[in-house]
Amino acid sequence: MNFRKIKKITFALTLGLGFTGAPGLSSLSIVQAQVQPQTQPQVQPRPQEKGREQLERRVTMEERSAFREGYRKGWQDSRAGRRFDYSNSRLYRMGDREYREMYRKGYARGFNRERVR
């Protein structure tokens with residue numbers, strides 16, 4: 001056997017063992033978390049409330065993303081010496097009303113951050 005064959009076989013075995021062993025290792029933390037007894041009984045929310053909470057959580061993540069992107073673009077425009085114009089961004093034009101509002105707030109804060117100094 002030459003060195004290349006040994007190298008290929010070793011790589012294939014390592015890759016195969018990695019794919020078969022990784023799912024087992026990732027579920028260990030879940031099993032350990034289920035084994036520990038809970039001190040207080042947890043109240044399960046009704047399905048309607050659960051969906052509403054997930055929707056609210058998603059909206060806040062979208063708002064954070066919009067604010068962050070607006071802040072970054074405003075800061076870049078300020079540093080480049082461009083005029084204050086948040087509507088010039090493709091992301092702003094494609095967003096819905098809530099996204100645009102948070103983007104506008106982030107842009108204003110990012111643009112003014114550089115001008116304060």
(message) Being of a type in the set (D, E, K, R) and in contact (Cβ under 8 Å) with a residue 24 or more places away in the chain is the filter here; which residues of segment 77-99 pass it?
(response) 77, 79, 98
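Among residues belonging to segment 60-92 that are hydrophobic (A, V, I, L, M, F, W, C) and more than 21 Å from the chain's Cα centre (by Cα), point out the one that is nearest to residue 110 (Cα to Cα). Steps first, please.
At the first step, the residues of segment 60-92 found to be hydrophobic (A, V, I, L, M, F, W, C) are 61, 66-67, 75, 80, 84, 91.
Filter once more, so that each one left must be more than 21 Å from the chain's Cα centre (by Cα): 75, 80, 84.
Numbers: 75: 4, 80: 13, 84: 11 Å.
Applying the filter and picking the extreme gives 75.
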(request) Within segment 45-67, identify whether any single residue is closer than 17 Å to residue 112 by Cβ, in a helix (DSSP H, G or I) and at pLDDT 85 or above, and answer yes or no. (result) yes
(message) Name the residue that is farthest from residue 67 (Cα to Cα), counting only residues in segment 88-117 that are modelled with pLDDT of 90 or more and of a type in the set (Ser, Thr, Tyr).
(response) 107
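The values are calculated or read from the model by the stated rules, or taken from the named source; none is laboratory data. All values reported here derive from a predicted model rather than from experimental measurement. With ideal geometry, Cβ positions are generated from the backbone for all residues, glycine too; neighbour counts draw on all protein chains shown.
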